[in-house]
Each structure stands twice: as structure tokens, then as C-alpha cells.
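Right, one structure below, let's go through it.
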Amino acid sequence: MGSHYLLLSSKQKMASANKEMAVYCFDTLVSHYNNEETPPPSFEEANHPLFVTWKKIVNGGEPRLRGCIGTLEARRLISGFKDYALTSALRDRRFPPIQPKELPFLQCTVSVLTDYETAEDYLDWEVGKHGIIIEFTEPVTNTKRSATYLPEVPAQEGWTKIEAIDSLVRKAGYNGEITETVRRRIHLTRYQSTLFTMHYSEYLSYVKATRGVVPAINGTNKS
């Protein structure tokens with residue numbers, strides 16, 4: 001396992017998640033609502049696995065997940081962020097599509113994944129440092145399963161390693177009893193990431209400062 005993930009060579013340009021990537025994701029979503037062309041991005045091209053996460057702040061509380069989709073294989077960042085900004089906002093099957101009226105309450109997190117490594121076993125990783133990909137075959141049906149958590153997820157949930165692994169086994173679609181035998185079947189790939197989070201209000205301020213205008217969104221009240 002692991003060979004089907006397109007890993008970065010030492011000669012490739014390494015990128016880190018940054019403000020301009022988050023701006024581009026907001027630009028992409030706003031342009032979709034307005035049926036307009038997305039403004040060109042202002043970050044450099046590179047190839048990386050990446051994720052786009054949308055969360056919504058409800059009644060001033062903790063942001064709630066609204067969509068998160070990405071790719072574990074390296075892609076060109078510009079086309080990747082454009083595709084996954086929309087896919088995670090509109091086609092995450094766990095949630096209804098994000099509506100224009102929700103924009104003022106959204107925050108966007110862009111993640112750029114790096115440093116893929118094959119772990120020695122299912123515990124060979126650090127909470128808060130590594131994202132994890134698990135792959136395993138069910139004991140009875142021989143069904144192949146896989147799933148991933150970004151590095152911040154286990155830390156935000158306060159999970160131990162085993163709690164994170166067991167949650168990920170469920171996320172992969174396994175409904176049987178999670179025993180030590182099941183855990184030992186896991187082939188784990190660990191990775192690291194950089195991320196940048198931007199709230200919609202910060203996006204508006206950035207656009208006003210750099211372009212001199214504030215976007216008007218179809219389906220929302222101008223304010």
C-alpha cells in the first residue's frame with residue numbers, strides 16, 4: 001500500500017498553506033454564486049495533496065463542519081483548490097449544499113499535505129502532528145476499507161490514538177466489532193500538513209484592501 005499515493009520528490013517545489021489560497025477558495029465560491037469567472041489566484045503553482053474545509057459559526061459558538069473534501073494524491077494547487085472549494089461546499093454528501101446566505105458565517109481552512117510516511121503499525125503516529133490514512137481488509141467479508149483524518153481532527157476531538165483509530169475505522173464503513181485483531185490489520189500512512197484559516201469577514205477586508213471593492217453576492221443582502 002502507499003505506492004498509489006503520488007508523493008513529492010525532493011526536486012519539486014514545496015508549498016505551505018497561506019492566505020492567498022483561502023482567498024482563492026472564497027473567490028471560487030462567490031464567483032460560482034454570481035455565475036462569474038473566478039479572479040486569478042495570487043499564489044504560486046505547485047503539486048501537493050490538499051483539502052478544503054468549510055465551517056459555519058452558528059450563534060457565536062464553535063464553528064461547525066459544513067463540508068470537507070480533498071485529495072490524498074498530489075494535484076496542481078490552483079486547479080485543485082478551485083475544484084475542491086466547490087466540491088466541499090456543494091457536494092459533501094454529509095451536508096446540504098452551502099447557500100449564498102450562509103457566506104457571512106463561513107470560515108475556510110485550506111490544508112496542504114506533505115511528508116507521507118509508511119507507519120510501522122497503527123500506533124506509529126503523533127496526535128496533533130500527523131494526519132493518518134488507514135487501509136484494511138474486513139476479517140469476514142474481505143471488503144477493503146480506507147479513510148483519513150487530517151492532523152487537526154484527533155487533537156480537536158481530544159482523542160487518544162486508539163480512539164482516533166476506532167473512529168476512523170467507523171468512518172471507513174466498518175460496522176463490526178473493533179477488536180485488536182481488526183486494528184492489527186490496518187496499514188497506516190502518516191502525513192503532515194500546513195493549514196490556513198480565514199473567516200468571510202477577513203476575506204471581505206482583504207478584497208477591499210487589495211481590489212478596492214467589496215463583493216456583492218447574488219442571494220445575499222448587501223451590507
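Would you check if there is a residue in segment 33-42 being farther than 20 Å from Glu152 by Cβ, touching a Gly at 6+ places or on another chain (Cβ under 7 Å) and hydroxyl-bearing (Ser, Thr, Tyr)?
So the first thing to find is which residues in segment 33-42 are farther than 20 Å from Glu152 by Cβ, and the list is 33-42.
Narrowing further to those that are touching a Gly at 6+ places or on another chain (Cβ under 7 Å): 33.
Filter again for hydroxyl-bearing (Ser, Thr, Tyr), leaving 33.
Within segment 33-42, one or more residues are farther than 20 Å from Glu152 by Cβ, touching a Gly at 6+ places or on another chain (Cβ under 7 Å) and hydroxyl-bearing (Ser, Thr, Tyr).
For segment 160-195, how many residues meet the condition of being under 19 Å from the mean Cα position of the chain (by Cα) and of a type in the set (A, V, I, L, M, F, W, C)? The number of residues fulfilling the criteria is 7.
Looking at Thr137, Thr141, Thr87 in this structure, which one is more than 13 Å from Ile186 (Cα to Cα), among the hydroxyl-bearing types (Ser, Thr, Tyr), free of Cβ contacts under 8 Å to residues at least 60 places away in the same chain and outside the structural domain of Gly60 (by TED's automatic domain parsing)? So that I can check it myself, show each step before the final result.
On the way: Thr137 fails: more than 13 Å from Ile186 (Cα to Cα); Thr87 fails: outside the structural domain of Gly60 (by TED's automatic domain parsing).
None of the others qualify; the one that does is Thr141.
Against the numbered list (1) hydrophobic (A, V, I, L, M, F, W, C); (2) farther than 14 Å from Lys19 by Cβ; (3) free of Cβ contacts under 8 Å to residues at least 60 places away in the same chain, Leu204 comes up short only at (2).
The values are calculated or read from the model by the stated rules, or taken from the named source; none is laboratory data. Just so you know, these numbers come straight off a predicted model, no measurement behind them. Neighbour counts are summed over all protein chains in view; Cβ atoms, including those assigned to glycine, are modelled from backbone coordinates with ideal geometry.
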